[in-house]
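Notes follow the structure.
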Amino acid sequence: MQNPRSQRTEQRRAQREPGAVPGQPNGKGSWQRGRWMVLLIALVCAAPVIASYFTYYVIKPKGGTTSYGTLIDPQRPIPDSFVVTGEDGKPMKLASLRGRWLMISVDSSACDKACVTKLYFMRQVRATQAGERERIVNVFLRTDAGKVPDVVDSAYKDTEMLIADPKDVAAWLPAADGTQIADHIYMVDPNGNLMMRFPKDPDPSKIKGDVTKLLKYSSIG
């Protein structure tokens, strides 16, 4: 309970300062501190959004590139109708993998040397992310229902090997001029948006650099 002396002091201050309200901060300095506190709280709440914008726009290539991969602009969300066959033989929506970063390669189930090289690069890039690697899922979209060679299947147990309709793949994944979809490795963000494509015959160390940036500056996934 406020003592009588303090109460009288507040009343006298209120009389001297028109518009002052007893029990509320008085003076320009108090209100400025209050505004700064509100601004600080707003910045803290906005930090994840700011980080995401940094991820997508700071590394966006303009003239002299600062990223190795090509940014897909506008981003292409995984179509809700895109259904694949899981390793258990059951259908599933590709969009069900949302929540983590997806590194995607497309090829036939036979998986020739070029196919294996891409899977190897993807595995190594994921492994080099150390404690962040669980934020990435490697996906091999197979364009037929043939058998994956045992040596490939056993070497890439951490890769999701899913059967996809080639028409659905072609409608979603863009290839660079003079290349095919199977020439590339693609990145999909945790919101399910296709956002980056790596070139044919890529340099895995440069892929690693881009992936490290994406994980570092994004709070999602």
Q: Only one of these is closer than 21 Å to S67 by Cα and in contact with a Lys or Arg (Cβ under 8 Å, 6 or more places away or on another chain): M196, M161, M187. Name it.
A: M187
(Q) Can you tell me which condition Y186 does not meet? The list is (1) of a type in the set (S, T, Y); (2) modelled with pLDDT under 95; (3) under 13 Å from S105 (Cβ atoms), and all the others hold. (A) (2)
Q. Tally time: how many residues in segment 171-204 are of a type in the set (A, V, I, L, M, F, W, C) and more than 19 Å from the chain's Cα centre (by Cα)?
A. 5
Q. Filtering segment 147-206 down to residues that are in contact with a helix residue (DSSP H, G or I) (Cβ under 6 Å, 6 or more places away or on another chain) and among the small types (G, A, S), which residue is surrounded by the most Cβ atoms within 10 Å (Cβ to Cβ)?
A. G192
(Q) I need the strands (runs of 3 or more DSSP E) fully contained in segment 79-137, keeping only those with at least 3 residues that are surrounded by 20 or more Cβ atoms within 10 Å (Cβ to Cβ) and under 22 Å from the mean Cα position of the chain (by Cα). (A) 101-107
Q. Looking at this structure, is D168 charged (D, E, K, R), under 12 Å from I78 (Cα atoms) and not in a loop (DSSP other than H, G, I, E, B)?
A. yes
Q: Enumerate the pairs (first residue in segment 133-153 and under 21 Å from D168 (Cβ atoms); second residue anywhere and part of a loop (DSSP other than H, G, I, E, B) and hydroxyl-bearing (S, T, Y)) with beta-carbon separation below 6 Å, excluding pairs fewer than 6 apart on the same chain, so at least 6 apart or on different chains.
A: R142/S109; T143/S108; D144/S108; D144/S109; G146/S109; V148/S109
Q: Kindly provide the set of residues from segment 175-221 that are touching a residue at least 40 places away in the same chain (Cβ under 8 Å) and among the hydroxyl-bearing types (S, T, Y), ordered by number.
A: Y186, T212, Y217, S218, S219
Q: Filter segment 147-162 down to residues that are under 29 Å from the mean Cα position of the chain (by Cα) and assigned to a helix (DSSP H, G or I) and give me whichever is nearest to E87 (Cα to Cα).
A: D153
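The values are calculated or read from the model by the stated rules, or taken from the named source; none is laboratory data. What you are looking at is a predicted structure, and each value in this text was computed from that prediction instead of being measured. A quick note on method: Cβ atoms are made from the backbone with ideal geometry, for glycine too, and the neighbour counts reach across all protein chains shown.
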